[in-house]
Amino acid sequence: MIIDAEKIENILSHTTQTAVSLIDDILAEAGAAHGLSLEHAAALLSVEEPALLQRIFKKAGEVKEKVFGKRIVLFAPLYLSNECVNNCLYCGFRKDNRDAVRKTLTIDEIIKEVKTLEGMGFKRILLVSGEDPKVSGVDYLVDAVKVVYENTGIRIIHLNAPPMEIEDFRRLKDSGVGVYQAFQETYHRPTYKTMHPSGQKKDYDYRLHVMDRAIEAGFEDVGIGALLGLYDYRYDALATIAHSQHLYEKFGSHAHTISVPRLRPADGSPISHAPFPVSDREFKKIIAVYRLAVPCAGVVVSTRESSALRDEVIRIGASQISAGSKTEPGGYTLNKFQISNFKFQNDSTEQFSTNDHRGLEEMIGAIAKNGFLPSLCATCYRVGRVGADFTDMTLSGNMEKFCQANALLTLQEYVLDYAKNGVRELGTELIAKGVEEIKNTGLKKEVLKKLHEIRQGKRDVFF
């Protein structure tokens, strides 16, 4: 059983405001960066006292740095299609949204969008598709991945696409996709049924088992998540952790990423407000608990959140963050020129509204100013640090050195090829500081050598 609903509900019903002494014990256990039980994760989720919450946040930040260093990975989503056969009540892509302007990118349009992102400095993208197999089925997705690799300098492509059968997953993996991502949205079965009244997505169990099929087809790395606000956040957070634990027990690897989307308004959605609102304080608590319970996972925070909140959560466990996101097909190029609210013919409907509109350069500057290391690294997927090996390396503390070194190398590339508006100077200072912080003299020597190679014109240098 992937999700034992009775067990989760029993844990929550017996979890009260936990004694300070127990929190101390849990945080001491979490500090080893080996994860937490569902019971201990529930205890941390029950904490309301501000001083205790600050201790949880501090420990989550320490564990994140122990596992991944100061680096924060940056990426951009690219929406391929907003055509969909489902009727998810919270989504602008829903089939019954009669006001939606539908769009599926052609191959040429995909290349144009990706080249625009590449021109900003992105090396890693997440392709996202609506769920209509007639227009964005596996043939279309495989073609999209191949043309991006063949026609651009993008180094790794991740994919958020509908659940499918093992044979189709094999084709996607063979095309070069790094991480396969799909969200359960809510793990609470009755709520799931209400939120997904029609379409192929209404099948809770088929979607729940999608990661098992993807891994069996050859995907070593998969990404999961719950859409916060559809149901009690404590239930969905524990279920998300349980899902990752299931993958570890069955395949030897935790979820590679755990995304933390919070419900946002969407044009054409009948839900104007979250049925179970999640406050900023609760949102931060969820991120911290994900980090402590599944320390090897990349905790991903999207542009749904405000700039101030996103700057804050990188201190308490978030390790991956998007920048300049557009949630409609063609958003980076086709809809570039708009006047007020006038809609051109090539406009297309967004999946949801974004909140943090900073582009890549501004995000790199903000991360640096907050004392962290922006990273455009795409190495692990290409050198085989994936799946069970990745999980073992992170839990044993052997990943941080690679993350830190590769972040410095990709930042050097960005500084030389793209940076302006003061980011070049800021990045140069950050690189020098980052090199000084490397304790291993042999590694420091190799990093300096590779940085010199980049300054001499070599690109795509990594450990």
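The values are calculated or read from the model by the stated rules, or taken from the named source; none is laboratory data. Not measured: the values here are computed from a predicted model. Neighbour counts are summed over all protein chains in view; Cβ atoms, including those assigned to glycine, are modelled from backbone coordinates with ideal geometry.
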Consider segment 300-322. How many of its residues are surrounded by 23 or more Cβ atoms within 10 Å (Cβ to Cβ) and of a type in the set (D, E)? 1
I'd like to know if segment 227-244 contains one or more residues that are surrounded by fewer than 23 Cβ atoms within 10 Å (Cβ to Cβ), in contact with a Phe, Trp or Tyr (Cβ under 6 Å, 6 or more places away or on another chain) and under 19 Å from G384 (Cα atoms). no
Considering E49, E39, which residue is without any contact (Cβ under 8 Å) to a residue 40 or more places away in the chain, surrounded by fewer than 18 Cβ atoms within 10 Å (Cβ to Cβ), in contact with a Ser or Thr (Cβ under 9 Å, 6 or more places away or on another chain) and not assigned by TED's automatic domain parsing to the domain that holds E282? E39
For F276, only one of the following conditions fails: (1) surrounded by fewer than 24 Cβ atoms within 10 Å (Cβ to Cβ); (2) under 21 Å from the mean Cα position of the chain (by Cα); (3) modelled with pLDDT of 95 or more. What is its number? (2)
Filter result for R385 (within 22 Å of E65 (Cβ to Cβ), free of Cβ contacts under 8 Å to residues at least 60 places away in the same chain, part of a loop (DSSP other than H, G, I, E, B) and not small (G, A, S)): yes
Give the residue, chosen from Q54, Q17, that is at pLDDT below 95 and polar (S, T, N, Q). Q17
In segment 203-236, which residues are closer than 27 Å to E305 by Cα and touching a strand residue (DSSP E or B) at 6+ places or on another chain (Cβ under 7 Å)? M211, D221, V222, G223, I224, G225, A226, L227, L228, G229, L230, D236
Filter segment 155-196 down to the residues that are under 29 Å from K458 (Cβ atoms) and surrounded by 19 or more Cβ atoms within 10 Å (Cβ to Cβ) and list them by number. R155, I156, I157, H158, V177, G178, V179
For segment 1-24 the number of residues that are loosely packed, with under 14 Cβ neighbours inside 10 Å and among the acidic types (D, E) is 2
Only residues that are crowded, with 21+ Cβ neighbours inside 10 Å and either in contact with a Phe, Trp or Tyr (Cβ under 8 Å, 6 or more places away or on another chain) or assigned to a loop (DSSP other than H, G, I, E, B) (or both): list them for segment 105-122, please. L105, E113, L117, G121, F122
